[in-house]
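Novice: Pasting in a structure now, in structure tokens, and then I'll have a few things to ask.
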Amino acid sequence: MMHGFIKSGRIWIVAVVGLLLLNVGVCAVTVVAATGNPVAAAVEPDYYQKAVDWDEDKARWPSPERLGWTIQARDLGAGVVAFDLAGTPSGGTPTGRIEARRVGQVLETTQADLLLAESGALHWETGELTPGQWTVTLWVESGDLRARQTLRLMLGD
């Protein structure tokens, strides 16, 4: 029985149709997997313009290490994070702003100005952010010098 099926050439029709159906199935699974996770399907806002401006932006906002600065974060609790600055010039009062994104979330960001505390640290009053791991980007200026740093922070419990 099988010998007649192979000899008649129908095996090739079944094989081709079977491979096409397998391909459609694999494509369907791939599309569902790619679009089912909102984090994986998220697109960085203005990603093309950010890529075009990358070199100019890096020159305008160098890393703190290039200026001899260090920035360390401390979670003070009660929704406040302190950023201790070391090596900044004494002539300028440091100011800054922050953009924060919770790791594993869609590309929604929180933005705020940093407040200067009596200790000289810059404080970020997070408000009621969800505890967890956050990626924060700081833009810090002191006098006519400026720097940008991106950090990973674990906030709250």
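Novice: Quick check on this structure: which one of Gly104, Gly87, Gly132 is on the phi > 0 side of the Ramachandran plot and touching a residue at least 60 places away in the same chain (Cβ under 8 Å)?
Specialist: The conditions single out Gly104.
Novice: Something else about it: Can you name the condition, by its number, that Asp157 falls short on among (1) over 23 Å from the mean Cα position of the chain (by Cα); (2) modelled with pLDDT under 90?
Specialist: (1)
Novice: If you scan the range 107-130, which residues turn out to be exposed (fewer than 12 other Cβ atoms within 10 Å of the Cβ) and either small (Gly, Ala, Ser) or part of a loop (DSSP other than H, G, I, E, B) (or both)?
Specialist: Residues satisfying the conditions are Glu108, Glu118, Ser119, Gly127, Glu128, Thr130.
Novice: Thr150 - would you say it is exposed (fewer than 13 other Cβ atoms within 10 Å of the Cβ), in contact with a strand residue (DSSP E or B) (Cβ under 7 Å, 6 or more places away or on another chain) and closer than 30 Å to Gly36 by Cβ?
Specialist: In short, yes.
Novice: Another question about this same structure. Going through the range 5-26 one residue at a time, which ones are open to solvent by less than 70 Å² (accessible area, probe 1.4 Å) and assigned to a helix (DSSP H, G or I)?
Specialist: Phe5, Ile11, Ala15, Gly18, Gly25
Novice: Can you list residue pairs whose Cβ atoms sit under 8 Å apart, with the first residue in the range 54-79 being within 17 Å of Val136 (Cβ to Cβ) and the second being surrounded by fewer than 10 Cβ atoms within 10 Å (Cβ to Cβ)? Count only pairs 6 or more apart in sequence or on different chains.
Specialist: Close Cβ pairs (under 8 Å, with a partner that is surrounded by fewer than 10 Cβ atoms within 10 Å (Cβ to Cβ)) amount to Gly79/Gly127; Gly79/Glu128.
Novice: With respect to Val140, is the statement that it is part of a strand (DSSP E or B) and of a type in the set (Val, Ile, Thr) true?
Specialist: It is true that Val140 is part of a strand (DSSP E or B) and of a type in the set (Val, Ile, Thr).
Novice: For Thr88, which of the numbered conditions (1) at pLDDT 85 or above; (2) farther than 29 Å from Gly36 by Cβ; (3) crowded, with 17+ Cβ neighbours inside 10 Å; (4) of a type outside the set (Gly, Ala, Ser) fails to hold?
Specialist: All conditions pass for Thr88, except number (1).
Novice: Mind listing just one residue for me: the one in the range 35-75 that is open to solvent by 80 Å² or more (accessible area, probe 1.4 Å) and not in a helix (DSSP H, G or I) and, of those, modelled with the lowest pLDDT?
Specialist: For the range 35-75, the residue satisfying everything is Val43.
Novice: Moving on. So which residues in the range 91-105 are open to solvent by 20 Å² or more (accessible area, probe 1.4 Å) and either within 30 Å of Val39 (Cβ to Cβ) or in a strand (DSSP E or B) (or both), if there are any at all?
Specialist: Thr95, Arg97, Glu99, Arg101, Arg102, Val103, Gly104, Gln105
Novice: In addition: Which condition number in (1) surrounded by 12 or more Cβ atoms within 10 Å (Cβ to Cβ); (2) in contact with a Lys or Arg (Cβ under 9 Å, 6 or more places away or on another chain) is the one that Gly79 fails?
Specialist: Of (1) surrounded by 12 or more Cβ atoms within 10 Å (Cβ to Cβ); (2) in contact with a Lys or Arg (Cβ under 9 Å, 6 or more places away or on another chain), only one is false for Gly79: (2).
Novice: Take the range 8-55 and flag every residue that is hydroxyl-bearing (Ser, Thr, Tyr) and under 19 Å from the mean Cα position of the chain (by Cα).
Specialist: Answer for the range 8-55, where residues must be hydroxyl-bearing (Ser, Thr, Tyr) and under 19 Å from the mean Cα position of the chain (by Cα): Thr35, Tyr47, Tyr48.
The values are calculated or read from the model by the stated rules, or taken from the named source; none is laboratory data. Model, not experiment: these values are computed from the prediction. Cβ sites come from the backbone with ideal geometry, for glycine too, and all protein chains shown count toward neighbours. Only protein heavy atoms, including side chains, enter the accessible area calculation; ligands, DNA and RNA are left aside. Shrake-Rupley method; radii C 1.70, N 1.55, O 1.52, S 1.80 Å.
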